[in-house]
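Just below is one structure, and these are the notes that go with it.
Where a number appears in this text, it was derived from the coordinates with a stated rule and is not lab data. Quick caveat: nothing in here was measured; it's all calculated off a predicted structure. Here Cβ is always computed from backbone atoms with ideal geometry, including for glycine, and neighbour counts include all displayed protein chains.
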Amino acid sequence: MKDIKLIFFEGCPNAERVRQALQESGVEFIELDQNTLDGKDNYKNYASPTVIKNDKVILGGNANGGGCSLGIPTIEELNRLFSKI
């Protein structure tokens with residue numbers, strides 16, 4: 001089972017960059033599009049994009065109702081971060 005989750009909403013300007021960094025780092029992950037989640041799903045409360053491994057936030061965080069993650073690192077920084085997970 002993939003224990004890394006990419007939480008995002010379609011149209012998020014930073015989601016693709018984070019997705020690309022995860023792919024380049026070679027980690028397996030699942031994608032959770034907030035637009036397809038049930039209204040009561042806790043993952044809808046996270047900023048987009050957020051990366052979680054084993055319930056630990058690696059990037060992003062809880063935004064109490066969604067929103068955009070700010071201050072996304074460069075693709076090189078993301079690759080270094082994700083190569084460690």
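Gain on full extension, evaluated as 0.36 nm per residue between E16 and E76 minus their Cα-Cα distance, stands at 20.2 nm. With both residues required to sit in the chain, DSSP beta bridges show an antiparallel share near 60%. Here each label is just a point 7 Å from Cα along the line to Cβ, and for N54 and I30 those points are 1.7 nm apart.
In this label model, N64 and S83 are separated by 3.8 nm, measuring between points 7 Å along each Cα→Cβ vector. In loop segments of the stretch 8-85 as defined by DSSP, the GluC sites (Glu not before Pro) with at most 15 further C-beta atoms inside 10 Å of their C-beta are E10, E28.
What does the helix-only formula give at 222 nm for the chain: each DSSP H stretch with n ≥ 4 adding -39500 (n - 2.57), the total divided by the residues, and the result rounded to the nearest 500 deg cm²/dmol?
That comes out to -7000 deg cm²/dmol.
Equivalent ellipsoid of the chain: semi-axes from √(5λ) of the C-alpha gyration tensor, largest first, are 20, 14, 11 Å.
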